[in-house]
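Structure, as structure tokens:
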Amino acid sequence: MAFKDILVTLTSYPDPTPASVTEDAVAIAATFGAHLAAVACEVHVEVPGHFLSGSTANIPGIIAGETEKSRNSAKAMLAAFDAAANKAGILHEAHLEKCPTYAVPDLLVDHARLRDLTIVPVPESYDQWYAEAVIFGSGRPTLVLPESPRARPFELGTVAIAWDFSRAAARAISDAMPLLEKARKVRIVTVTNEKKLDSRHSAEALAKNLARHGIDVVLDKVDANGRGIGEVLEAYTVSHRIDVLVMGAYGHSRWREFILGGATKSLLSKPPLPILFSH
């Protein structure tokens, strides 16, 4: 299935998503000839009752001010999105939602379940709560974009697949097929001596499967040499100038808290490049 309906999530609070994310999302949609939707939420900050009792601060006034700040940021981001999409000539739509801060992840998941691909920015200054929710709750592939400045704009030059013979990795490849078919070069990287791998089927067999889709690949093996999987993959993407990394997302839900696997936690906490996660 091609990526024909893409969503980008824009955060209005506590800090607005930078314009570079919108620019990347528009470029991605243009690459695939896809419709692009943007969603931003005007959040209503809620303060627990025990903070209000006995407080001399003007808490209601502070809350109203923060809500207005979020509203203005959301409207400004969607206006900038509309301008960028019009300039690129892509089909697009914008959604302004209203909800309390705790409900934002579920709202984004609801939107993401109706799209082929969701683009989620991950801020450098605070955690990846929204990205986790979309990755594990949407049932759709999620492209995580770092908000921190990057040396070059988004492009599909070299795409790497993190391959460990697992179900999650196989699902990620299937979900990323439209992206792999557009890339100029595809590399498959297998990290050895980090965990036990299924040795019955080799990366060469995966390369044959992708070749039947017209995708020629380069096979790489990297020895973990005592390093964590996240550290290994990050170093690999830098040394090979990877533009996008494709990998399975590992984790399980304990009530409503996701317990992330090592590579997922490491790379999601501070993504060094765009990463397509699939769960």
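The values are calculated or read from the model by the stated rules, or taken from the named source; none is laboratory data. Everything numeric here is computed off the predicted structure, so don't read it as measured data. Cβ: placed from backbone, ideal geometry, glycine included. Neighbour counts: every protein chain shown. Side chains are part of the model used for accessible areas, which takes the heavy atoms of the whole protein and leaves out ligands, DNA and RNA. Shrake-Rupley method; radii C 1.70, N 1.55, O 1.52, S 1.80 Å.
Under 10 Å, Cα contacts only: if you run a Gaussian network model on the chain, which one of Met247, Met177, Met77 comes out with the highest mean-square fluctuation?
With Cα springs under 10 Å in the chain, the top fluctuation among Met247, Met177, Met77 is at Met177.
GNM, the chain, Cα, under 10 Å: largest mean-square fluctuation among His92, His240, His44?
Taking springs between Cα atoms under 10 Å, the residue moving most is His240.
Rank Leu180, Leu91 by accessible area, highest first, at a 1.4 Å probe radius? Could the numbers behind the result be given before it?
Details: Leu180 0, Leu91 130 Å².
Descending order: Leu91, Leu180.
Over the heavy atoms of Lys98, what accessible area does a 1.4 Å probe trace out, to the nearest 10 Å²?
140
Roughly how much of Tyr102 is accessible, in Å² to the nearest 10, using a 1.4 Å probe?
Roughly 140 Å² of Tyr102 is accessible to a 1.4 Å probe.
Hey, if we sort Ser239, Ser269 by accessible area with the 1.4 Å probe, largest down, what's the order?
Values: Ser239 85, Ser269 55 Å².
Ranking Ser239, Ser269 by accessible area, largest first, yields Ser239, Ser269.
Would you mind counting up the charge near Thr190? Only other residues with Cβ under 9 Å from its Cβ, with Lys and Arg at +1 and Asp and Glu at -1. Don't jump to the answer; show the numbers that get you there.
Details: positive: Lys221; negative: Asp164, Asp220.
Cβ neighbours under 9 Å give a net charge of -1.
Determine the shape class of region 133-211: with a ≥ b ≥ c the square roots of the Cα gyration tensor eigenvalues, call it rounded for a/c under 1.5, and otherwise prolate if a/b is greater than b/c, oblate otherwise.
Note, shape of region 133-211 comes out prolate.
State in Å² the accessible area per residue of the chain; use a 1.4 Å probe, count heavy atoms of protein chains only, and round to the nearest integer. Please report the intermediate quantities before stating the final value.
Details: 13630 Å² over 279 residues.
Here the per-residue accessible area is 49 Å².
What's the extension gain from Asp106 to Glu23 if we count 0.36 nm per residue and subtract their Cα-Cα distance? Show your work: numbers first, answer last.
Details: separation 83, 0.36 × 83 = 29.88 nm, distance 2.51 nm.
My answer for the length gained is 27.4 nm.
Using modelled backbone amide H atoms (1.01 Å from N, in-plane), which distant-in-sequence or interchain residues come within less than 5 Å of Ala37's amide H?
Correct list: Ile6, Leu7, Val8, Glu93.
Which order do Arg171, Arg184 take by accessible area at a 1.4 Å probe, largest first?
Values: Arg171 80, Arg184 175 Å².
Heavy-atom accessible area, descending, gives Arg184, Arg171.
If you average the C-alpha positions of region 145-177 and of region 219-246 separately, how far apart do those two centres end up, in angstrom?
Region 145-177 and region 219-246 have Cα centres spaced 12 Å from each other.
Taking Rh as the Kirkwood radius, which is the inverse of the mean 1/r over Cα pairs, what is the Rg/Rh value for the chain? Spell out each step's value before the answer.
On the way: Rg = 19.9 Å, Rh = 19.8 Å.
So for the chain, dividing Rg by the Kirkwood Rh gives 1.01.
Please report, as a whole percent, how much of the solvent-accessible surface of the chain comes from carbon and sulfur atoms (probe radius 1.4 Å). Spell out each step's value before the answer.
Values: 7100 of 13630 Å².
So the carbon and sulfur contribution to the accessible surface is 52 percent.
Please check: in the Gaussian network model of the chain (C-alpha springs, under 10 Å), which one of Ile188, Ile63, Ile28 has the largest mean-square fluctuation.
Per the Cα network of the chain with a 10 Å cutoff, Ile63 tops the list.
I need the calculated FRET efficiency for the pair Asn58 and Lys208, taking r as the beta carbon distance and R₀ as 51 Å, to the nearest 0.05. Don't jump to the answer; show the numbers that get you there.
Working: r = 67 Å, r/R0 = 1.32.
Plugging the Cβ-Cβ distance into 1/(1 + (r/R0)^6) gives 0.15.
Beyond 31 Å between alpha-carbons counts as too far, so tell me which of Lys4/Lys221; Lys4/Lys208; Lys221/Lys270; Lys98/Lys182; Lys87/Lys208; Lys182/Lys221 fall in that bin. Mind showing how you got there, number by number?
On the way: Lys4/Lys221 34 Å; Lys4/Lys208 27 Å; Lys221/Lys270 24 Å; Lys98/Lys182 36 Å; Lys87/Lys208 41 Å; Lys182/Lys221 24 Å.
Beyond 31 Å between Cα atoms: Lys4/Lys221; Lys98/Lys182; Lys87/Lys208.
Using helices alone, what [θ] at 222 nm do you get for the chain, with -39,500 (n - 2.57) per DSSP H run of 4 or more residues, divided over all residues and rounded to the nearest 500? Mind showing how you got there, number by number?
Details: 10 runs with 109 residues, N = 279.
It comes out at -12000 deg cm²/dmol, rounded to the nearest 500.
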